[in-house]
1. What distance in nm separates the two pseudo spin-label positions at Lys30 and Ser238, each 7 Å out from Cα along the beta-carbon direction?
2. Taking only protein heavy atoms and a 1.4 Å probe, what accessible area per residue, in Å², does segment 230-386 have with all protein chains in place?
3. Could you give the length gained by full extension between Leu84 and Glu518, i.e. 0.36 nm per residue of separation minus their alpha carbon distance, to one decimal place?
4. So which chymotrypsin sites (Phe, Trp or Tyr not before Pro) in segment 210-271 are both in a DSSP loop and have at most 15 other Cβ atoms within 10 Å of their Cβ?
5. Could you please put Asp423, Asp366, Asp228 in sequence from largest to smallest accessible area, using a 1.4 Å probe?
6. So for Asp470, Asp355, Asp239, what's the accessible-area order with a 1.4 Å probe, most first?
7. In whole Å, what is the distance between the alpha-carbon centres of segment 25-83 and segment 173-247?
8. With a/c under 1.5 counting as rounded, go ahead and sort segment 171-273 into rounded, prolate or oblate using the C-alpha gyration tensor (a ≥ b ≥ c being the square roots of the eigenvalues; past the cut-off, prolate if a/b is larger than b/c, else oblate).
Amino acid sequence: MDLPKVLSRPFGSDTSPSEGAEVSAEELPKFFIDLRPRLLSLPDIRSKSSINIRYPLLPPYAFAHIYWNEEMKELIYDVEEQQLNDTEKELLKLIQLGLEEMINISFAYASKSNLLLKYLEKNVQLILLELGAKVSRKSYLNIMYYLYRDFIGLNEIEALMNDQYIEDIECNGVSSPIYVVHRKYQNMRTNVIFREPKRLVDFIEKLAQKTGRYVSFAKPLLDGTLPDGSRVNATYTSDVTTHGPTFTIRKFTKEPLTPVHLIGYGTSTAEVFAYLWLAVENKFNIMVIGETASGKTTLLNSILQFVPTEARIVSIEDTRELSLAHENWVPSVSRTGFGIPNLLGKQYGEVTLFDLLKETFRQNPDYVVVGEVRGKEAYVLFQGMASGHPSFSTFHAASVETVIRRLETPPISLPASLIDSLDVAVSIIHIKDQRRNIRRVKDMREIIEVKQELGKADTNLLFEWNPVEDEIVYHGNSYLLEEISKKTGIPLRELERELRIRSAVLNAMKERNIMNYEEVSQIVNQYYKDPASVIKLFGLAEEATLRAEDVKERLGRDAAVQSEGSTPEVAQEVSQESPVDVDKGQLPSGHEAAHSSSEVEMAEAEPVHVPVAPVLSGGGVQPGKASGKRGGKQSGVRKLKRVVKRVRS
């Protein structure tokens, strides 16, 4: 086998000769663990048999090694950790026994890992002093790693939890290898195995403690959220799962993915999100549907970034998954009860999604979000939709027809008149084969009318994914835009132009690599407050989104106005602004303007983009002030003439 490609220095490469010398407890080095997230650029799959790569997880103590196993004919994921010799193993056991006696209860409830580490190391050094043991610096650091892993971390899977490429960690029982779902290389067997039943049982109890949930022989099912936001589902006894206790951990990204991320990944397009942006602003009801692990919650979380900053969001979930950069947000989580269920099947102290949802509508929310609709809470959710509370949710289904059929049949059994309150259904799919591992918005449909016939509805297919070309096609003729036009009085053509403007803003953020969820939310909120400043300083003058036909039509209309005696204002040149930082109204470093030329070409069928320096909230041109040499607010006619003048020149 060829040597693996090393993405970092190998074990012990930075050790000095003095590290082998034994030192007393007072002279021991300070232990440090680097928990900063690492997202390295891994090679694409061309031939699985040629993959042989190694990258750091918790350097210099733990690394991932992914390689092709010729005997098994599959990819293997090995966790490589520093190995202890027999003497170090004996010392480790003695220290562990001492720590179990010394650690006080407050340690279990501490949340900051750096404080825990200091507390742990202090007690370890006290034990070494008590034992009178002398160890080398290298041995001490290796022992401290295993103590950190087992006391503060998640035991054998701690290294896996620090791999940003892993989506799921799956244990099928005692003496069964743990499998991981890798974002790049899909499902892989690992070398991590729980060989002792007691060790695995203790680990399930540890997961329950970290999630704040209760698990026992009487209640052997666990469903909760780890402190880092990962979702845990576990079983406690072999009565439920015959191979012994099991667990599955669904990992999420450290920072929530934004619409700009999903556009960059090809999951969706700027046009789809521009439409959803308008739907959220005008308080339509949206449901994201898809199968397991298709990315429903991630898509819903990104859609919620379009909620206006002053609006109140109340979310309800079984397990906390949503993560919003929104101050006016009340996240609610259901709670399991205890004791023997009453005649209604409810335990003492239990708080269900149904209970939370009923209380939510008394909190005067502007938007209601239910993480996932499964049972009777659907009735309250759709009653809220029908009574005017804009609501968002996810649902396990493959198509809109399946959603309607499941909602109309037991155990949910909603009448068609209530389901008719749903406005938009977004379908997302996860395609995973030997060549690719992608998620795509399959289609987006507007719900026009739900029929009385079971599972039947009139829908308008607005967007549809073409798997051959791998592109999302816009079919046009939006029913919801017509509804917005009727409700607000805004002409349909203006709404269509607004879609193009917002699409251009999202694309501009992608081109400038503005993906951080706080920055994206800041730009969206700035657009609500002052869209002209965002359009101008992003280099997207309003006319840049008009097609050539629209420009000609408006020129003719303006000429007619002038012939009646109106005098047009003089066009002003817009001064160039330098890129600046987000927090101070400026672009962050690395977000340079994508265009530098001041001249553009106009094609008959393509939008015109007028490049001006980018904008974020608070920077550049202030509302009501011109950026040219003369003061005064520029009218639409004047700006249009300036665009046409530049194009003709």
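The values are calculated or read from the model by the stated rules, or taken from the named source; none is laboratory data. Owing to the predicted nature of the structure, the values given are computational and were not obtained by experimental measurement. Note: ideal-geometry Cβ built from the backbone for every residue, glycine included; neighbour counts use all protein chains shown. When the accessible area is computed, the model is the full protein with side chains, heavy atoms only, and any ligands, DNA or RNA have been set aside. Shrake-Rupley method; radii C 1.70, N 1.55, O 1.52, S 1.80 Å.
1. Distance between label points: 4.8 nm.
2. 41 Å²
3. Working: separation 434, 0.36 × 434 = 156.24 nm, distance 4.38 nm.
Here the segment from Leu84 to Glu518 would lengthen by 151.9 nm.
4. Passing both the DSSP loop test and the Cβ count: Tyr214, Phe217.
5. Asp228, Asp366, Asp423
6. Ranked from most to least accessible, the order is Asp239, Asp470, Asp355.
7. Cα centroid to Cα centroid, the span is 22 Å.
8. prolate
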